[in-house]
1. Enumerate the pairs (first residue in the stretch 197-217 and in the same structural domain as L184 (by TED's automatic domain parsing) and free of Cβ contacts under 8 Å to residues at least 12 places away in the same chain; second residue anywhere and outside any loop (DSSP other than H, G, I, E, B) and surrounded by fewer than 17 Cβ atoms within 10 Å (Cβ to Cβ)) with beta-carbon separation below 8 Å, excluding pairs fewer than 6 apart on the same chain, so at least 6 apart or on different chains.
2. For the stretch 494-529: of the residues being in a loop (DSSP other than H, G, I, E, B) and under 39 Å from the mean Cα position of the chain (by Cα), which is modelled with the highest pLDDT?
3. If you check G172, G183, which single one turns out to be assigned to a helix (DSSP H, G or I) and either crowded, with 17+ Cβ neighbours inside 10 Å or at pLDDT below 80 (or both)?
4. Which of (1) farther than 18 Å from L156 by Cα; (2) in a helix (DSSP H, G or I) is the odd one out, the single condition N29 does not satisfy?
5. Determine the pairs where a residue that is farther than 27 Å from G90 by Cα, located within the stretch 142-161, has a partner that is of a type in the set (S, T, N, Q) with Cβ atoms under 6 Å apart, the partner being 6 or more residues away or on another chain.
6. Based on this model, can you work out whether R242 counts as farther than 24 Å from V50 by Cα, out of contact with any His (no Cβ under 9 Å at 6 or more places or on another chain), at pLDDT 75 or above and not polar (S, T, N, Q)?
7. Has the stretch 426-449 got at least one residue that is assigned by TED's automatic domain parsing to the domain that holds V550, touching a residue at least 24 places away in the same chain (Cβ under 8 Å) and basic (K, R)?
8. Hey, among the residues in the stretch 264-317 that are within 18 Å of the chain's Cα centre (by Cα), at pLDDT 60 or above and part of a strand (DSSP E or B), which one's nearest to V253 (Cα to Cα)?
Amino acid sequence: MTWDGGFYVQLHLLAAVVVAALGAYTARNRETPGTLSLALLLIATSGWAVGYALRLSSPVGLKLLLSQVTFVFIVAVPLCWFVFCLQYTGYRRSVPRGVLPLLVVVSVGFALAGVTNSVHSLVWQSFEIHPSRTFAFHVEEYGPLYGVYLAYSYTLMLGGAALILRMLVGQGNDHLHRGQAFGLLVAVAIPFLANVVYFLGLTEPGFDPTAMAVLASGGALWLSVFRYRLLTLTPATRDVTRDEFIDRMTDPVVAVNGRRQVVDANPAALTLFGRSRQATVGRSLERIAPELNALVDRHIPDVTGQQVHTQYVDGVHRTYDVGVEPLSLHRDVATGQLVTFHDVTTRRQREEHLRVLHRLLRHNLRNDLNVIVGHARDLHDGDDSVPTTTRTEVIERTASQLVSQADKLGRVVHGIDVEHHETVDVAEMVADAVDDVRETTDAEISVTIDQRAHVAAGPLLRLAVTELVENAVVHNDAADPTVDVHVGPAGDDPTAVAIRVTDNGPGISEYEVDALHLGEEAPLEHTTGVGLWVATWTARRYGGDLSFDVDDGTTVTVVLPRLANE
């Protein structure tokens, strides 16, 4: 083949080699969003450059055929560029389904029209040879379909560039992604401007410098790849990672705008609110969660750990530390707030457990030990003001109480640490717990079962019922102590079951009830034992509630949710 105008041909071939090599290298990094479409873009561009070089140097009879073949690569370039920009910037997920397949169909249609041009002449209509100082140029007379294609391709090229520019504005001081964006814009601007210059007739007749301009574009892309890590750190990877991370967080996260309208919420937040995404996004935070809205103060940039939000979620009493941070799109322009909820239910429960257990060790057990030490000292000193047998009986009784308390504390600590849930037959469990107490007392204990039910609970539930029955017996000063344990409906709620322990004793004191509800005790106000605390913790752990009724004795009611399949 005779190579006329060898310098221009060689430049086109060099551009094809540079771009093809970058395309092959890009194809090896397919795990990064956009790299496959970028590789196809570079391969198509390389084919365009090779086809144009061959057309420049080929005989007249082959020029039309080469133009038709090259047109297939030309058509692929704007489509691959636009798809790459969508994937690179992360906007691919916002494109309606069906748009990209439609673009592919349109591009394939243009390519087929070019290949079959000899039938209809809609793309090219005439070909002429004009002399030049360098070589004979091939001038094409374009058909009406080429103008439509030109508008289509320019729209895709400018649309992709607009996506890059939009991303560039929001990068702030992210020099890596800014460098990538500048490199991409330079790489596409050079051949685009060369193509515009050609169609404006500012070049020698028939000479299209677009493919040759790709040589400079290849240099800009190589810089973006190796200096700014284009193939490994794309904005889409960062955004997808961030979105996936937030969506998979167990802590609820809510974004609100300046008007306190929810603009986004992760699945954990939707569960917290008990709403669907459609019923949450766009709604006022005050309407969705009024008590939470009061915590979100735009003048306090960071209140994590200082504000607490409590709510029942899936039948469980949950406690959250609420954090509020300014939300901005770029620089220091605040556009809203990011509200995060850190679940501290377990931590606060353990803090409460430790406070109560510490009080028992420091107060109750110390008092008993003081009694033992006092009587032992009197025995040692020979104090005969109290009979020796009486002192030894007190020591033995108090020591036995200490052993009993130690065993009870051991069972409580073990029950608290055991987190597994299983299906529990409430009636059977209550009967077993009552049998345990009957072995240690002569008090009259009756059990009434008005409703059988199953709940999801663990070993702590049986321990709690045992403690409630024991408390009803031990703290009962009636001449004939009686205790009635009743299992039945929880009022009008068909989804819950109630366990009621009623005694004819003096009634629980008001300060004990207050301490249990508040979850803490004042220094001079101590409850009588760990039993009521165990019952309180148990009700909370298993998604229920505990209440007291003091009238001619005490009725303690534990309400638990029934299993959903009952």
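1. Hits for this filter: T203/V197.
2. In this case the residue turns out to be G519.
3. G183
4. Here N29 meets the rest and fails (2).
5. From the stretch 142-161, the pairs are G143/S121; G143/Q125.
6. So R242 fails the test.
7. no
8. Of everything passing the filter in the stretch 264-317, A265 is nearest to V253 (Cα to Cα).
The values are calculated or read from the model by the stated rules, or taken from the named source; none is laboratory data. In this text, all values refer to a predicted model and were calculated from it rather than measured experimentally. When we count neighbours, we look across all protein chains shown, and the Cβ atoms used for this are built from the backbone with ideal geometry, even at glycine.
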